[in-house]
Structure formats: C-alpha cells, structure tokens
Amino acid sequence: MNEDFHRIRRLPPYVFEHINPIKAKARASGVDIIDLGMGNPDLPTPQHIVDKLKETVKDPRTHRYSASRGIPGLRKAQASYYGRRFGVKLNPDTQVVATLGSKEGFANMAQAITAPGDVALCPNPTYPIHSFGFIMSGGVVRSMPAEPDENFLRALDRAVRHSIPKPIALILNYPSNPTAYTASLDFYKEVVRYCREHSIFILSDLAYSEIYFDGEVPPSVLQVDGAMDIAVEFTSMSKTYSMPGWRMGFAVGNERLIAALTRVKSYLDYGAFTPIQVAAAAALNGPDNVVDDVREIYLHRRDVMVESFGRAGWKLPVPKATMFVWSPIPEQYAHLGSLEFAKLLIQETGVAVAPGVGFGEYGDQYVRLALVENEQRIRQAARNIKKFLAAAPTHGNVVPIKA
C-alpha cells in the first residue's frame, strides 16, 4: 500500500524540485533572486485582450460550462491565423481544437493515440512533456538528436529500422525549448516525406512560432504538401500574447488525430472559461503590432544578456528564436553537471537558471536561461556572475551541494 503508483514510478525525479527549495531558502534569508530559470513570461497581457475579457465576463451567460473543443469563433480565429501566417487552409470544425495550453494538449494527444508499449521518437534534450506525455500514457520513448540536420535524418531512419514495435509518432519542436534550434521548410519536407512513407504521425510543437529574431521566420510543418495526412501542430497564446496564466492553446492538422484528441478532451474538461476563449479570439483577430512589440522586447533582452554575460566571462550562444538562451556550463564548472552548477549559482550569485538535465540526459552539460527579467536585472545578474567567475580558482574543487 505504500509503494508509488504505477504511472508515478515511471516518471523520473523532477529536477526543479531540487532547485525550488534552494531558491525559497535564499529568498527567505533576504537574498534578491534574479530568476532566469522558469520560462514564465513577465510581460503584461495586451490591454485590448484584457478589456475583451472584462467585457465578456459581465454577461452571466458566459459563466456556464464552455465548449471543450473551443467555441466556434475561437476555432475560426485560429484557422484564420494559420491562413495569414503560413498559407495553410484549415477547417475550423474538423481540423482545429482549442486546448488548455499547448502542454496539456500535447499530453492529451499522447493519451489519445498511445497503446501500452508504443514507441515515440523524441528529441533529447526537449521540453519535458514531449517525453513524459507518452511515458505517462504507457508508451516507450526513444531519444533523437535535438538539432534539425542530416544527423537527425540519419538517426530517424536508424530508429525506425531498429525499433520494435515500429514507432507510432515523431515529436518535433522548432523553435525548440530549451535549445532554441530552428528548422527550415526543407528539413520539414524531408521529415514529412519519410514519415508518410513509413506511416508515422508527426506531432509538432510550435509554441514559439512568433518569438524569432534577425528576420528568420519559423515555418509550420503543415506548409509541406502531404503533411496534413500525418501531422498535428500545437501552438500557444502564452508567449505570443503574454498570456501564460490564461491557459489557452491549440492543436491543428490531421482530422483523425484532431478527432481523437477532441474525444479524449470531452471526457477530461469542459474547455477554458468562455470569456478567456472570447478574449483569445480577440487576440488572434487583433492588431499584429502587439506581437511585434513582444518580439522586440525579447530581442533587446537577448542582446543585453549575450553582451553583458560575455563581458562577465561567460560567452553565450546567440539564439535565433524563443525566449531562452541554451548555454554550455562554464568550463571550470563543467565537471559538476547542470544540477549542481545551478545550485551553486543560486547560492553564490543569487541567479537562478534551469539545469539542462531537466530536459533530458543529453542536456546535462548545459543550462537554460530565460529572458524573463528586464534589462536592468539581466545586467545585475551579469555583474553577480562576473564576481563569481573571477573567484573561480577558490571554487576549483567544488563538491556537490546537498539540497
């Protein structure tokens, strides 16, 4: 009776359970924590979206149960967005479903299509729900390279030929959380061609479709001819419109997969609160300049972080997209691994980062830094880290810290 339940036993320890108590203890002792760890947008939701919520919530009819698959106006707004942005035509009645965020939508899809023992191909490192969703549904995950290149395509072929049973699904996530890798339309064409040939579904997480820099606009896998036969794509309002707490996302694409997700959702939820859905539709149908403004803020934060951390002695890669920087651990601390380094960084600098191992074992030599603090706070983090790195010889033989 005291053993963990079956599905709980299948889940690895949650890395952030080790980090959060250290942050809390430091805050309690008066330390000013600059939290670059959680990808939790700090920007306010644009006012016209908030105003639409306030207007709608005054109507008592909107206080009742809502529609699990999304109200018609919201599904039409998402279909219109795909038409404008990607040139992809969607039927809002059969190819669009609203979800309680892309994370929940992805987990529900895994539940809908996974039989015990089914194999899913998943990038490593990647956002945890991509693998955990299948693990919790009784599936088996086989790791794939995270970078969308020739090595990925070779690994895909090898995985399909040597997996028993044959994989049912391939997960894609570009722009990627945490690595910030981006994929080209040519890459998607090769993947779609291969997966159609081998009857493998594609589940594409496009949550960061609008957070891109330097003019490189991320494509959708659904732009590829034939992708609609096998693919579903997940998007989110969280980052694009600074609506993380509103829990609003979408799955679009293949009708059979969307029908399966819709049916599972009908047993699990009544959909988001109707005023939230109405406000989300207003966001999608509203002015594009609010999205441009969000993107510009993240661009400036990216540039400030890369420049100030570089002057502090920690050279960071420059991400082309997302609200994250995925960086190798500084060389003098690489032997610690990402979890122990993240603990040490909090205790010595008051700067919190996300340990790369939390996104898969192949991320253990990296940490993820989120662009969720203003430029002044980012520069302060760099100053704290500069002092820390300057004292690195005194930390030469750092021992792991007990949480």
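The values are calculated or read from the model by the stated rules, or taken from the named source; none is laboratory data. Since the model is a prediction, treat every value here as computed from it, not as a measurement. Here the Cβ positions follow ideal geometry from the backbone for every residue, glycine too, while neighbour counts run over all protein chains shown. Remember, those area values only see protein heavy atoms, side chains included, never the ligands or the DNA or RNA. Shrake-Rupley method; radii C 1.70, N 1.55, O 1.52, S 1.80 Å.
If we keep just the residues of the range 159-198 that are outside any helix (DSSP H, G or I), open to solvent by less than 20 Å² (accessible area, probe 1.4 Å) and hydroxyl-bearing (Ser, Thr, Tyr), which is nearest to Phe234 (Cα to Cα)?
Tyr174
Please determine whether any residue of the range 91-98 is under 21 Å from the mean Cα position of the chain (by Cα) and within 30 Å of Tyr14 (Cα to Cα).
Looking for residues that are under 21 Å from the mean Cα position of the chain (by Cα) and within 30 Å of Tyr14 (Cα to Cα), one finds at least one in the range 91-98, hence yes.
From the set of residues in the range 94-105 that are in a loop (DSSP other than H, G, I, E, B) and either open to solvent by 20 Å² or more (accessible area, probe 1.4 Å) or free of Cβ contacts under 8 Å to residues at least 24 places away in the same chain (or both), which is farthest from Ile168 (Cα to Cα)?
Only one residue fits best here, namely Leu100.
Looking only at the range 64-84, count every residue that is in contact (Cβ under 8 Å) with a residue 12 or more places away in the chain and open to solvent by 70 Å² or more (accessible area, probe 1.4 Å) and tell me the total. Please lay out each step first, then the result.
In the first step, residues of the range 64-84 are kept if they are in contact (Cβ under 8 Å) with a residue 12 or more places away in the chain; the result is 64-82.
With open to solvent by 70 Å² or more (accessible area, probe 1.4 Å) added as a condition, the list becomes 64-65, 69, 72, 76.
Going through the range 64-84 one residue at a time, the tally reaches 5.
How many residues are outside any loop (DSSP other than H, G, I, E, B), of a type in the set (A, V, I, L, M, F, W, C) and in contact (Cβ under 8 Å) with a residue 60 or more places away in the chain if we restrict to the range 345-396? Give the steps one after another, and end with the answer.
Filtering the range 345-396 for residues outside any loop (DSSP other than H, G, I, E, B) gives 345-349, 351-352, 354-359, 361-363, 366-370, 375-390, 392-395.
From the residues that got through so far, the ones that are of a type in the set (A, V, I, L, M, F, W, C) too are 345-346, 351-352, 354, 357, 359, 367, 369-370, 378, 381-382, 385, 388-390, 392.
If we keep only those that are in contact (Cβ under 8 Å) with a residue 60 or more places away in the chain too, we end up with 346, 351-352, 354, 357, 359, 369-370, 378, 381-382, 385, 389-390, 392.
Number satisfying all stated conditions: 15.
In this structure, does Lys23 turn out to be open to solvent by 90 Å² or more (accessible area, probe 1.4 Å) and over 21 Å from the mean Cα position of the chain (by Cα)?
Taking the combined requirement at face value, the residue does not satisfy it.
When residues of the range 1-42 are filtered for being out of contact with any Gly (no Cβ under 9 Å at 6 or more places or on another chain) and hydroxyl-bearing (Ser, Thr, Tyr), how many remain?
Residues meeting the conditions: 1.
Do the conditions hold for Glu233, that is, is it touching a residue at least 60 places away in the same chain (Cβ under 8 Å) and either open to solvent by 10 Å² or more (accessible area, probe 1.4 Å) or in a strand (DSSP E or B) (or both)?
no
Which pairs have Cβ atoms under 7 Å, sit 6 or more apart or on different chains, and link a residue in the range 13-27 that is more than 15 Å from Val351 (Cβ to Cβ) to one that is open to solvent by 70 Å² or more (accessible area, probe 1.4 Å) and at pLDDT below 90?
His18/Ala403; Pro21/Ala403
Residue by residue, here is whether (1) in contact (Cβ under 8 Å) with a residue 12 or more places away in the chain; (2) open to solvent by 10 Å² or more (accessible area, probe 1.4 Å); (3) assigned to a loop (DSSP other than H, G, I, E, B); (4) touching a strand residue (DSSP E or B) at 6+ places or on another chain (Cβ under 8 Å) holds:
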| position | (1), (2), (3), (4) |
| --- | --- |
| Pro92 | yes, yes, yes, no |
| Ala107 | yes, yes, no, no |
| Ala120 | yes, no, no, yes |
| Thr126 | yes, no, yes, yes |
| Gly133 | yes, no, no, no |
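Could you check, for the range 259-267, whether at least one of its residues is over 18 Å from Asp205 (Cα atoms), modelled with pLDDT of 95 or more, in contact with a Leu (Cβ under 6 Å, 6 or more places away or on another chain) and of a type outside the set (A, V, I, L, M)?
No: zero hits.
Just the residues that are open to solvent by 10 Å² or more (accessible area, probe 1.4 Å) and of a type in the set (Phe, Trp, Tyr), please, taken from the range 327-373.
Within the range 327-373, Phe359, Tyr362, Tyr366 qualify.
If a residue must be open to solvent by 10 Å² or more (accessible area, probe 1.4 Å), more than 25 Å from Met248 (Cβ to Cβ) and modelled with pLDDT of 95 or more, how many such residues does the range 199-215 contain?
Count: 1.
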